[in-house]
Structure formats: C-alpha cells, structure tokens
Amino acid sequence: MHYMQRSTFWSCFSGLLLLLLSAFQGSAQTTELTIKVHTANKEAVPFATLSLTAFSDSASQIQRSTDSLGQVVFQVQQNTSYRLRFSAVNYQSVEKAITVKTEAITYSLLVMPADNKLNAVVVTASRPVMRQEDDKTIVDPENIAATSTNAYEILEKTPGLFVDQDGNIYLNSTTPATVYINGREQKMSAADIATMLKNLPPNAIASIEILRTPSARYDASGSGGVVNVVLRKGVRIGLTGSVTAGLNQGRYGNQFVGLNLNNNNGSVTSYLNLQVGTRNSYDQLMTDRIFATDSVLRQDAFTKYGAQNYYVGYGVAVQLSKKWELNYDGRLSYNRSDNNSRNLSLIQKISNGQTASSNLTDVNNQTKNVNINQGVNLKYKIDSAGSEWTTDLSFTYAPNNTDQFYTSGDGTLDNKLRFFSGQTNFLKKLPGKVTVETGLKATQIWFDNETDYYRMTSGTRVKDNFRTGAYTYKENINSAYLQASKNLSGFVLKVGTRMENTNMSGNQLVPRDTAFSIHRTDFFPYVYLSRSLMRIAGYDLKGYLVYRRTISRPAYEYLNPSLRFVDPYLFETGNPSLRPQFTRNYEANISVDERPIFALGLNDTKDIFTQVVYPTDSNSKVNYRTYDNLGTNKELYFRALGALPPGKRYFFVAGVQYNRNFYEGLYENKPLSFKRGSYSIFTYQTFKITPLTQLSLNGFVRFNGQQQFYELTTFGSLNMSLTQQFLNRKLVVTLSGNDLFFTNNNHFTINQGSINATGYRKSDTRRIGINLRYNFGFKKKEENNLFNLDSPESR
C-alpha cells in the first residue's frame, strides 16, 4: 500500500516536472522584462500595482504587484510593444510605452509621491485576498478582521488554516505550524501562543504569511510550516488612526475596544496600538472509556472560560540616511483568566447499565499571563538593486502563574519563560540575475517551573508529594545558512542549506534530581524550482517544485515531567526522554498570476512525537496524558483553490484539501498501524450590494477529520457578515454571525493500545456580533479580490 502511494505521488511529481520542461521547450519566443520601481532618491516602492498590455492585443493584460524590494518580473513576447501602467497609494499614476526586443531587459521606473494631505480625496487600491510570492502565500485579513474580536479569531477564519480546540494551528494535519510575529519565532507553548494571539487587536494585523515549505533562511524547526503574523506599522504621511469597538454574543459574551495611532513625517514613523477586552466562552466534553471487560467510565465535563486582557503595542522607525534604517517595536500584554470546570464521572456496568460509583469534581483555575516583547531591527541598503544587510535582536519575558483549586486539594503552578534571539542576514544581488543570501542566528531559552500541590486529609491540608515538582530547562540553538537563486532561461532555481547546532538540557529538581541533555548538529537542505508554464485567458500560469528537510524539537511543556491535575481519572505530564522528529517535504504547486490554485505534496516524518493517553500502572481507571515518539508517518496531501465566476460585484472563492496519513510504529509497546484520509473544503464570498454595502460569507467543512489519533466525524462552520460604510466612508459598521448552524462540533473515537474511548466535544462557537471602526486622518479604501479583477472603483 505504501509503495502504491509513493508511486502515485512520484508519478504526479514527475508529471509536473515534465510539464515544466515541456513549457520550457515551447516558450522560446518569450523573454523576461524586469521592472524596478523607485523614487527620485532611489527608494524602492513595494507592493505597487503594475499592469502590462500589448498594443497588438489590448484584451491581453498582465497585472502584478512589486515585491518588498520594489521589483516585478514579467514573462513577455519578444519583439513586442507594451503599455505599462503604474498605480500605488501615495504615488502619482504613471503610464509608459516599452518595446521588448529579443534579449531580457531591466527597466527602471521613476515615480513621484502624491500630494497626500489629511483631507485629501479617497485613494482606491485593489488587493487580493491571497497571493503567492515565491515560496509563501500572503493573506490580506482586512475583511476577516471586521468580523473578529482578536487575532486568534482571524486565524480561525483564514482560508486553508485549521485551528484546533487546543490552540494548535495546522497547515496539513500531522504537525502544528510554527508561529512567527513580524518574522520572529515565538518560542512558547500552543496554549501561551493562543493567549497571546487572543490579546492582539484584530486591526493590528497587516498580513498573514503562510510558508508550507520555508526556505533555508527560516529555522529548520518548521516541519509543520510557518505562519508569520505581520503587524501594522505607520506607513501613510501624516497622523492617521482608528478607533474600534465590538462585541459578540453566544452563550456568553465577548467585548473589546481599541485605539490605533500612526504618525509619519517622512523620516520618522511611529505607531501605537491599545486594546482592552473581555472573553467568555465554554467547552463541553463528554466521553465514554472502556477500562475493563464490562466497565465503562462516563464523564461529562463542562468548563466556563472567562478572561480579561490588556494590550499595548508600540514602535518607531527612523530613516537615519538613504541607506540606514532603524526600527524599534515592543508589545506588552496582560491576561487574567478564571476558568471553572465541573466534571460528573460515573462508573457503570456495560451489561446492565448499573452505576457502581459516581463523583462530582469542581476545578477552578485562576491564571495570570504576562508577555513582554522588545525588538530592534537595523537595515542597511547596499545598492539600488535590492542588496541589503539586516540585523535583528529581540527579547521576550513571559511569566504565568496558575492557582488551581479542586474538590480534594489545591495547587500553584509558577512558570517563567525568557527567550532571546539574535540574527543577521545578508542579501546580495549579483550580475547575471544571481541572488545570494547568508546569515547567522542564535537563540536562548530559559524556562523554570515550580509546582506545589496540597490535598485534604481528614480535614487537614498536607503536601501532595506525588504532584509537587520543580523543573528547569535551557535551550541554545546556533545556526548558519547559505542559499543562492538564479534565473536560468525562464527557470528560477534556489538552492540552499542550513546548519543548526542544538543544545538542550532539563533538570527535574523535585521530587528527585534527574537530568537529560541533547547536543547535536544537523544540516537541512532546501531546493526550489519555479517556471512560467503558459498563459491562459491573459493569466500567467506558473509551476513550483520544492523540497526541504526540517526538524521538530520537543517544546519545554512536552518535556516537563511535573504533574497537572485534570480530574480524578486523568492527569497530565511531560516526557523528558522525547527525541526530535525529522521531516522531508516534497511539494509541487501551480499558481495563476501569483494566486495559488493547486498543490501536491508528501511529508515523510521519522521519530514522530504526538500527544498520547496511557493507563497508569497502579490503576486501570486512571489515565495520564503525555507525549511520546511513536515511529514514522507519511502524509500525502493536495490542495486546490479557484474563483468562479470572475465578476465585479460578486466574488466567489472555493478550495479543497485532502490529507492521507499512514502511521507505523509502537503504541504502549504494541504494533501501531493507523491510516486515515480526510477532506476539507472552504469558501470565501463577497457581494457588493451597493458601493458602500458588502455582504461576505466564509466557512469550511471537514469530512472524516483527524487530530493525532482521534478520529473525528464531519464538522464545519459557516460565517456571514454585512458591512456598511457611513460618514464619507470613515465609519464602518459590520454585523456578523459565526458558526450560524452550530456545526463546529464533533464526535470522536480513539482506539489505540489499551485506550478505547468515544466522545463528543462542543464549544461556544455560534455567535452574533457587531464591530465598529472609525477612521480619521488620511484614509485608504481597499478592496479584497483574489484574482485582482477589475472593479468600477479602481478604474
């Protein structure tokens, strides 16, 4: 079976390679036109819109956006004349005529700033919802933010992402993605990252970058891919800003209010984001677990989550000279949560349904989270071709404290995380269309945990030595990378490798002094090949082939052996003996005018570790949840995305993803063979009722879902919103409904080793809400459009 799956994959993979080669043979009459857009002082103009129309065929138009270096490359016909049009916010429009001969040419386009005043007219631009830029997909979250109360909700609604109920973000279904903020990895647990994202204001996000197979420039720890959340900064001349407020109501309610200020005088740019909010929701988990031949443990746990959060984000960018730029930014968030859980447990006979015993457990967790992040970035622009040298330093301090109270005792969990990262990257544009990148990076983590538990014995509070513990963890990773790219007759080839030296050590101080350490050096190669295949109805069809080797290291919470009480029949603990897992990823994908439409890939993982549930040695009724290395996994997947039909007032996007997993190894020292395939479909639609009124719809359905070894039934969510603009487009009001049919819940089954359980889980997902945003100062109106189709406002 595995051989057949590998054969199918390699047949498709080699088929696309042949298509690339055949396209190369059939496109000898085309050449490259490179446009570099810059101002009078040689400053690059990124993310501008350029359109190219042949004078001989006015119906054939190519439209592209410049990259972060102000460049864009067109595949054009030889001996042909074109009309070039330029448009960008804060710049005057430009129209030029260009004649292309037989050889590839580079054209420098000089543009002039517009006269942007605070009371200037509204500037209109068209931006796609999703676009492909080299090896990453960039998502514009503008419309999604209008229906969300925080950044976490935006990720939940982003097409192609799946966020589980524990806060993990998946691009496929094997390993969670690594989360970055402004290009910096967040070395925190999934729960802490989820808390941090829930504190981020929804309108603080400028874009979301999805890298399923990141290049050698990124840490090799991204075996599940990378999700980089890029925060907004002041980019417009003058003082601008917005005031936002919103609420949504399910069984419980959420509310927030925020302020965003941006100031740009040309050489100095600064911004300030403030938000205060409350979050309330619930989660209900019902399980039946067979622990003996005729005995079942039935549990019904209802947890109410309540939290208050406070967030401050700030930064300043200084243009020291034409070549030097200094950026400083920081984030400070405080989260106070009060979670209450009530769990009814019954032990019954399966044969007659009689109850042998029952108990009711109340658990209260009062948690305080603090997250302080400070970062400095220095950039030196070497030349006008795009060569640059950047250095980035950041430090994060994230302590959290939990007081836990339950029926038979109480505990205090005190965690402290400190994380330092320093990196420098050098990019050089060489003659012959060669780009070389190299860099160094060092990270250091310090994590300390102290857990004290007490139990009530005959009315006396005594120390619970079984659950009390103390643990320290240190991690140092030193890395270097080198990669180069070159355009070879229409092919773009990028090859690189990354070296990472890993040093991990952990010490359990209480109840006994034990230690573990890992010291190793690994190399992670990367290969990327792209090629314009053909043109269909004026759209540029481009193919990509990508390969990379990655590593997933066990995080500190996976290794921490300290115990955490869940209920009388379940506790959590880490596994200090976890080994890193390694993944080889192969992917072939196709995009149309930088919009991803199809991908086929394979993840081959060894020493995979995942969350497991094992019975305790002393009592078959009691389980513990931990992490373990189980063997190998091969995941075959494909994605397809399209927009039908193209239109002006109505826009429709649909996508499908299929994942097929094959696990082989050991579970509780018994042979493991687990296979499961699941489909996910998602859609995003907008309809302009009037120029000031828009109806939006987005949702997903997942068939035969999977979460580690849990087999899930079909579930999904449908969300709808209505947006109306008032006061000359300055006031935006959005009414929204999330999970309208309350289908984002599922039944599950797990049958591995001695664990045989079924259950049902639901959360407070069906909500109605209203968001208001008032913009002041200079205002830009943006239209989301996946294929950048023409609209009346953009003409």
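Key figures for this structure:
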{"quantity": "Global size of region 454-534 as Cα Rg and Dmax, reported in angstrom", "calculated": "25.5, 82"}
{"quantity": "Percentage of interatomic Cα-Cα distances in region 423-571 larger than 24 Å", "calculated": "58"}
{"quantity": "Per-residue HN-Hα couplings for region 574-583 [Karplus 6.51, -1.76, 1.60; θ = phi - 60°; Hz; x = Gly/Pro]", "calculated": "x, 10, x, 8, 4, 9, x, 10, 10, 10"}
{"quantity": "Rough spin-label spacing in nm, given labels placed 7 Å along Cα→Cβ, for D617 and V318", "calculated": "6.2"}
{"quantity": "Long-range tail of P(r) for the chain (Cα pairs > 44 Å, %)", "calculated": "27"}
{"quantity": "Set of aspartates and glutamates near K542 by C-alpha distance (under 19 Å), chain-local residues within fewer than 8 positions excluded", "calculated": "E32, D67, E133, D134, D135, E587, D593, E594"}
{"quantity": "Calculated [θ] (222 nm, deg cm²/dmol) that DSSP helices of n ≥ 4 give over the chain, each run adding -39,500 (n - 2.57)", "calculated": "-2000 deg cm²/dmol"}
{"quantity": "Extension gain, Q724 back to I290 (0.36 nm per residue minus Cα-Cα distance, nm)", "calculated": "150.9 nm"}
{"quantity": "Amide proton proximity set for N756, modelled H, under 5 Å, gap of 5+", "calculated": "I290"}
{"quantity": "Sulfur and carbon atoms: percent of accessible area, the chain [1.4 Å]", "calculated": "57"}
{"quantity": "Folded to 0 to 90 degrees: helix 2-25 orientation relative to the chain principal axis, Cα", "calculated": "10"}
{"quantity": "Probe 1.4 Å, protein heavy atoms only - accessible area per residue of region 175-276 in square angstrom", "calculated": "30"}
{"quantity": "Over region 500-593, equivalent-ellipsoid semi-axes from the Cα gyration tensor in Å", "calculated": "46, 19, 8"}
{"quantity": "Rg and Dmax of region 138-177, Cα atoms only, in Å", "calculated": "10.5, 31"}
{"quantity": "Å² per residue, accessible surface of region 481-527 at 1.4 Å", "calculated": "49"}
{"quantity": "Region 179-306: C-alpha gyration tensor shape, a/c 1.5 cut-off, then a/b vs b/c", "calculated": "oblate"}
{"quantity": "Computed Rg/Rh of region 290-446, alpha carbon atoms with Kirkwood Rh", "calculated": "1.29"}
{"quantity": "Fraction of antiparallel bridges per DSSP, the chain only, in percent to nearest 5", "calculated": "95"}
{"quantity": "Region 310-400: mean projected area of Cα convex hull, nm²", "calculated": "11.6"}
{"quantity": "Potential lengthening between D164 and K474 on full extension [0.36 nm per residue; Cα-Cα distance subtracted]", "calculated": "108.8 nm"}
{"quantity": "Probe 1.4 Å, protein heavy atoms only - accessible area per residue of region 331-381 in square angstrom", "calculated": "51"}
{"quantity": "Relative contact order, percent, region 244-296 [alpha-carbon distance under 8 Å, six or more residues apart]", "calculated": "29"}
{"quantity": "Label point distance in nm, F395-E43, each placed 7 Å from Cα along Cα→Cβ", "calculated": "3.2"}
{"quantity": "Potential extension, K368-N507 segment - 0.36 nm per residue separation minus Cα distance", "calculated": "47.5 nm"}
{"quantity": "Alpha-carbon centroid distance for the pair region 406-478 / region 725-752, whole angstrom", "calculated": "33"}
{"quantity": "Entries in K136/K688; K416/K606; K198/K304; K368/K441; K136/K762 that, when Cα-Cα distance is taken, lie over 23 Å", "calculated": "K136/K688; K416/K606; K368/K441; K136/K762"}
{"quantity": "Equivalent ellipsoid semi-axes - Cα gyration tensor, region 665-721, angstrom", "calculated": "41, 8, 7"}
{"quantity": "Size of region 550-695 as Cα extents on the principal axes (Å, biggest first)", "calculated": "67, 35, 26"}
{"quantity": "Degrees separating the helix 190-199 axis from the principal Cα axis of the chain, which is the longest one", "calculated": "60"}
{"quantity": "Set of lysines with alpha-carbon distance to K621 below 17 Å, sequence-local pairs under 8 removed", "calculated": "K349"}
{"quantity": "Virtual spin-label span in nm between T278 and F302, 7 Å along Cα→Cβ", "calculated": "2.1"}
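The values are calculated or read from the model by the stated rules, or taken from the named source; none is laboratory data. No experiment lies behind these values; they were computed from the predicted model shown. Methodologically, a virtual Cβ is constructed for each residue, glycine included, from the backbone with ideal geometry; neighbour enumeration extends over all protein chains shown. Ligands, DNA and RNA are excluded from the accessible area calculation, which covers all protein heavy atoms including side chains. Shrake-Rupley method; radii C 1.70, N 1.55, O 1.52, S 1.80 Å.
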